[in-house]
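S.K.: Can you read through this structure? Questions will come right after.
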Amino acid sequence: MLESGFMAIVRREYFYNHDGSLDREVLRNPNNSIISTKNYHYDLNDGRLRRIISPRETFNFSYDNFGNCTNFNGTTLVFTRGNLMQNYGNTEYAYNSFGMRISKRINNVTT
């Protein structure tokens, strides 16, 4: 994949594990030098993504028994019955009886 910026074109390369899951993402500059690398780590038992590590940051993930991400880098996610996201940090979501999102509330402002 090529991405064009203001000054140069950057190439993003993806590498996969034998099971087809993403293993590594490499960003290269026009001279083919590596700008950054992200490594993806999965749980050996359930195959779920647990951590993304790059030179500048690390992202951690936790899941419930239904496969819903319940913690993303320290931010709690809460799901209702039916696996609908009710809260993401300080953001609340409401749904109608068909499971369609009808509102989003952030810091007491509802949209």
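The values are calculated or read from the model by the stated rules, or taken from the named source; none is laboratory data. What you see is a predicted model; the values in this text were computed from it and never measured. Cβ atoms come from the backbone with ideal geometry, glycine included; neighbour counts cover every protein chain shown.
S.K.: Looking at ASN107 and the list (1) farther than 30 Å from ARG11 by Cα; (2) in the same structural domain as HIS18 (by TED's automatic domain parsing), which single condition is not satisfied?
M.R.: All conditions are met except number (2).
This table checks each residue for (1) within 30 Å of HIS18 (Cα to Cα); (2) within 17 Å of the chain's Cα centre (by Cα); (3) not hydroxyl-bearing (Ser, Thr, Tyr).
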position: TYR42; (1), (2), (3): yes, yes, no
position: ILE52; (1), (2), (3): yes, yes, yes
position: ASN65; (1), (2), (3): yes, no, yes
position: PHE72; (1), (2), (3): yes, yes, yes
position: VAL78; (1), (2), (3): no, yes, yes
position: THR111; (1), (2), (3): no, no, no
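S.K.: On to the next question. Restricting region 13-25 to residues that are free of Cβ contacts under 8 Å to residues at least 24 places away in the same chain and out of contact with any strand residue (DSSP E or B) (no Cβ under 7 Å at 6 or more places or on another chain), which is nearest to PHE59 (Cα to Cα)?
M.R.: GLY20
S.K.: Then there is this: Name, by its number, the condition in (1) closer than 28 Å to PHE15 by Cα; (2) outside the structural domain of ASP23 (by TED's automatic domain parsing); (3) in contact with a Ser or Thr (Cβ under 8 Å, 6 or more places away or on another chain) that does not hold for TYR93.
M.R.: (1)
S.K.: Please go through region 55-82 and give me each residue that is surrounded by fewer than 14 Cβ atoms within 10 Å (Cβ to Cβ), touching a Gly at 6+ places or on another chain (Cβ under 8 Å) and under 30 Å from ASN39 (Cα atoms), ordered by number.
M.R.: Those that are surrounded by fewer than 14 Cβ atoms within 10 Å (Cβ to Cβ), touching a Gly at 6+ places or on another chain (Cβ under 8 Å) and under 30 Å from ASN39 (Cα atoms): THR75, THR76.
S.K.: Being among the charged types (D, E, K, R) and outside the structural domain of PHE15 (by TED's automatic domain parsing) narrows it down to one residue among ARG51, ARG81, ARG56; which is it? Break it down stepwise before answering.
M.R.: Numbers: ARG51 fails: outside the structural domain of PHE15 (by TED's automatic domain parsing); ARG56 fails: outside the structural domain of PHE15 (by TED's automatic domain parsing).
Just a single option satisfies the conditions, and that option is ARG81.
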